[in-house]
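Coordinate-derived values only; no laboratory data. On a predicted model such as this, the values are computed, not experimentally measured, just so you know. Using ideal geometry, Cβ is built from the backbone for each residue, glycine included, and neighbour counts are taken over all protein chains shown.
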Number of protein chains: 4
Amino acid sequence: MRFLSDNAASVHPRVWDAMRAADIGDTPYDGDALSQQLDEAFGALFGREVAVLWVATGTAANCLALAGMVPPHGGVVCHREAHIEMDEAGAPGFYLHGAKLMLAEGEGAKLDPAAIRAVIDPIRDDVHQVQPHAISITQASEYGRAYRPDEITAIAALANERSLGLHVDGARFANAVAFLCCTPANAVGPAQALSFGCVKNGAMNAEAIVFFAPELADVVRYRRKRAGHLQSKGRFLAAQLLAMLEGDLWLENARAANAAAQAIVGAASDRLMHPVEANEVFMRLTPAERETLRQQGYEFYDWGADAARFVASWDSDQDAARTLGRAIANL
Amino acid sequence: MRFLSDNAASVHPRVWDAMRAADIGDTPYDGDALSQQLDEAFGALFGREVAVLWVATGTAANCLALAGMVPPHGGVVCHREAHIEMDEAGAPGFYLHGAKLMLAEGEGAKLDPAAIRAVIDPIRDDVHQVQPHAISITQASEYGRAYRPDEITAIAALANERSLGLHVDGARFANAVAFLCCTPANAVGPAQALSFGCVKNGAMNAEAIVFFAPELADVVRYRRKRAGHLQSKGRFLAAQLLAMLEGDLWLENARAANAAAQAIVGAASDRLMHPVEANEVFMRLTPAERETLRQQGYEFYDWGADAARFVASWDSDQDAARTLGRAIANL
Amino acid sequence: MRFLSDNAASVHPRVWDAMRAADIGDTPYDGDALSQQLDEAFGALFGREVAVLWVATGTAANCLALAGMVPPHGGVVCHREAHIEMDEAGAPGFYLHGAKLMLAEGEGAKLDPAAIRAVIDPIRDDVHQVQPHAISITQASEYGRAYRPDEITAIAALANERSLGLHVDGARFANAVAFLCCTPANAVGPAQALSFGCVKNGAMNAEAIVFFAPELADVVRYRRKRAGHLQSKGRFLAAQLLAMLEGDLWLENARAANAAAQAIVGAASDRLMHPVEANEVFMRLTPAERETLRQQGYEFYDWGADAARFVASWDSDQDAARTLGRAIANL
Amino acid sequence: MRFLSDNAASVHPRVWDAMRAADIGDTPYDGDALSQQLDEAFGALFGREVAVLWVATGTAANCLALAGMVPPHGGVVCHREAHIEMDEAGAPGFYLHGAKLMLAEGEGAKLDPAAIRAVIDPIRDDVHQVQPHAISITQASEYGRAYRPDEITAIAALANERSLGLHVDGARFANAVAFLCCTPANAVGPAQALSFGCVKNGAMNAEAIVFFAPELADVVRYRRKRAGHLQSKGRFLAAQLLAMLEGDLWLENARAANAAAQAIVGAASDRLMHPVEANEVFMRLTPAERETLRQQGYEFYDWGADAARFVASWDSDQDAARTLGRAIANL
């Protein structure tokens, strides 16, 4: 019973079906009929004009989105524990040609205007210091915390005031929307670009970069090809994205993952390190307690010396999650 | 009846089967059981120790392979019409951090030692000029020409003499091997790295970078992640590659594509601009002749003002190819 | 008697004087009184508003100027023998983050609209091919040829039509102006940026980047610092530039160099490979003839197997140049 | 009476003399007689074989030194307030092609093994996280603190254990040596490269990169040219460096600057924020106190709300420094 991560979960049957249906001759790259539908499909979801590019990974999505906003001599404010800082092997440095990540603090890996100002206000407005050009936040955050719409609005207002772009890493955007019970538009706020994650949520290898400032996409199209991310059979990526949107599969899957996470918490919410607002559970558990759980067949990651991380996915066995929850309560 | 390109062909049923079979929980990235089999499977194919990395596109394969050989201040000798020069949107400049492509001449988009020397011999050995660090050739070439084993050996000898790396872009390596009727090892020669193409040959979105100098892979692993090309469900890429090797599907598919290309040539070999040694056919055809063919339902690209390019793929209809061949002969 | 190059010539006494006079306490970097005078001084020279940055080398000047015009995924059209292509160690690839030089042909290392169109017209307007963003020409060219004002106007018209930036490498701009007997403004035409060379013309280590589109300078100021080219005692560079402008020393020096070059030609103009329109002389001379001249104490570079390059500088001994000219005529 | 910074101080007369003496025809770039003496001169100073390159700025020196040690996908551990992090406009990101600065803590802007381990030990040894490749320390530090020889030895031992390069930013190396009263060799320890600063210490615009691992210089020579830092009249930079070494002018100047700093401290050592171990004085001074001093004609920078920074230079007026010291004591 695996609660290691959602990043290797299985592929949803409806995604498989859509991919099989896409196995017909069509124009290569993103000239196919499915890729051509993306702008409209995501536009309908967000209720405004968007330009959408598919890519195979979240790292590529994040970095290409930022590449449209940040010059090589610029900087991006993000949380100290943001995925782009911690787990992307320096990809932002590569894609942004040496631009700098500017690390802000914040509880639960979330930023707020004060934390951002604490980073950017001390920067002298001269050529000796890297100037910020964008802010990147993660919805839900690396600790599974969801930004409320008014929190994003406040960050966006600061971004606007300082002429900074705003990017949202939405590797688990669906989980945040499912938790917030708000519209997708409210969950992303007035950002310029969103990495709309699907791989952790039932797709195989397709993520959407959603540009709310469509002119950014015109530059990023070149950058995507230049990064080797323009697949010739792009119809199979488009098919995955459209299948995720169809009938709100993306939300349905996220709700399942979130429910399993809540089941793991069960009666042991006193052990939580962070409120569970998505599909990740961070719990204080001693080494001995973790060992006990592992002997019962549960797989999960240690989180430092005295805690564990459990991640539920769209295909998590809800019974197993409940049983795990009870096992934790019984420790 | 499409003979536009092989890059958007359908996915082979055995590839689909392998992908479906891979849809089980496993370690993310390249820690899964399938990815772990790649070194051995390709090692058996080439009869020597190799290290293999999967990526989604040929552009990524070529550029990551070269990234292991060429420092930012170095250069790569390639043909003036090589794919890395003409059709990868400057990806080598991106992946190699500004290193330079040094363009050589050669009939049929093939290089030989004299053409390479014509580029590198005039380079002064001083810090004012970019020094070459690698050679990249394409097997089969952009005009569908296959290097004979002794031709590669001669290029490799020059590379070795000048301490240059040797990379082979094998987007259509299978077609070359099928044509040459030699071992894969002989078709790649003593190169350090091969982009072993599968996407044009029945796979969906998986290519193999085969490192014959396995230590290069240790650096490139970091570069792959940094480029956003380390997919979390990498097992689906590994599955594609293994399916292509299984029972020599890669060769079987290439033979089918090559046969279709020969059928297109049919009795009109006097029209050929290049000998057909893979699955591409470049033919002199007037605008009127091309129009005639198109009215008969054939799709293909113009190649300049007075010629056309036909590309056959593994799934080309052999009858359609023969009929096209006859239609050309009857023009 | 050295006619090897103008790049190691001595420093003009008035430049020395200006540098000594600058050795007073002042604001660091470019905040000093001298640096603050540059925009006005060059603005007066060119008769329009300009923004001027000093740097220590021509390579830095060229690459920083282009960095304001060309994104990392773009391209720069230049002559196949342009200094940025041949002799800057790949600096454009570094400063432009992998952007591509697109090589055009042209007699005497000069470009014209037809040659530029021959490079850019075949580029497909799609994401697979690098798109041109700027043109760079050299005034005077690498073979000492000067663009006439109408030639630059024609190139600029093409640049404007295709929305390309226009940069002029003026390492020997003074020599071109001296030859053309036109205004500096006419010798640079409607370019966006000029590398105004001084090092080869009597300065020690200061070149001016003159931005005729002053907004470009705002970005390049960051790039200059980021490249380590913002010297803290910048007043010594500004002093050199102002000394060169003072009393038209730059023109006076260039006239001296050009005159020495003409003296070298003397009666042997039939040996010339290129008309002498600046301070460089390329002459057909057999190995035996070159040996004869060297035995008489003349130093110069071989230019291929059967020619020689002589370069005169502002401090060349005019008598020595005349004597050399006679020696050549007597061969 | 300026105590703003040492970076705009005047040029020492012996440096001027050496530069004037260098104004003779010689080989361009670093082929001149003076540049050729650098390895030997610095080798004698440090008592071992070194390879030395001149550049015009400390930023270029630091970044080129690191470029020899760190691949684009690697990282450099430095102090959170290191000059390369705070005041070089992202130059390390440019020169290292996106490599990452990894920020460590430490009193007085100094690192120690524990602080370095706190940064590098948590880095997982996998491809998702940037791996450290070098450590950079500043001697004397950004707060004017000198590393004792055993402190550097301890850092070097850690670097060696983890296979990391060690670079020393010695913008004020002379001041540290003058303070420590040790040999230059002991003050730099077993580092691979030292940025040996001269600009702040009496030179005009020449710094030395001293490679104790001479093979690194072979790569950096290409990088220097590629960065536009290979001046054609390099003899004027070499002349400055040699003049600084001649008769230990570098030490004499540093001692003068250090003495002036001590004079500023005077009787007010209780106000110090950091022990004064070089030529920088950081003192707690209220806004009113600072205003008082400024009305007496002293120029210096505020350091946050309640402190000031005074920097003495080689040419500081010792009487003025003493008077300032008394003025502070009298506040």
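With its label point defined 7 Å out from Cα along the Cα-to-Cβ axis, C:CYS182 lies at 5.7, 6.2, 6.4 nm from the matching points of the other copies, in increasing order. Relative intensity of the stretch B:149-271 on a log10 scale, I(q)/I(0) at q = 0.12, 0.17, 0.23 Å⁻¹, equals -0.55, -0.98, -1.34, per a Debye sum over C-alpha point scatterers of equal strength in the absence of solvent. Using only side-chain charges placed at the Cβ, +1 for Lys and Arg and -1 for Asp and Glu, the dipole size of chain B relative to its Cα centre rounds to 320 debye. Only helical runs count toward this figure. For chain C, summing -39,500 (n - 2.57) over DSSP H runs of n ≥ 4 and dividing by all residues gives -12000 deg cm²/dmol at 222 nm. The Cα center of the stretch C:92-169 and the Cα center of the stretch A:40-118 differ in position by 35 Å. Placing one equal scatterer on every Cα of the stretch D:1-108 and applying the Debye formula, the log10 ratio I(q)/I(0) at q = 0.10 Å⁻¹ is -0.46. Enclosing the Cα atoms of the protein assembly as shown in their convex hull gives a volume equal to 182 cubic angstrom per residue.
Inter-copy label distances at C:ALA114, using a point 7 Å along Cα-to-Cβ, come to 3.1, 7.1, 7.7 nm with the shortest given first. For the stretch D:192-331, the C-alpha radius of gyration sits at 1.32 times the compact-globule guess of 2.2 N^0.38 Å, with N the residue count.
The other copies place their B:GLY247 label points at 3.4, 8.9, 9.1 nm from this one, listed shortest first, where each point is 7 Å from Cα along Cα→Cβ. Chain B holds its axis-closest Cβ, relative to the rotation onto A, at the residue and whole-Å distance B:ALA56, 3.
State, as an integer percentage, the relative contact order of chain C based on alpha-carbon contacts under 8 Å between residues 6 or more apart. For chain C, the relative contact order is 24 percent. Highest mobility in the GNM of chain B, judged by mean-square fluctuation with C-alpha springs under 10 Å and restricted to B:LEU293, B:LEU180, B:LEU166, is found for B:LEU293. Which of C:ARG255, C:ARG48, C:ARG224 moves the most in a Gaussian network model of chain C with Cα springs under 10 Å? The residue with the greatest mean-square fluctuation here is C:ARG48.
Scattering from chain C was approximated by placing one identical point on each alpha carbon and applying the Debye formula without solvent; log10 I(q)/I(0) at 0.10 1/Å stands at -0.58.
Taking a ≥ b ≥ c as the square roots of the eigenvalues of the Cα gyration tensor, the stretch D:249-329 is classed as prolate, since a/c reaches at least 1.5 and a/b is larger than b/c.
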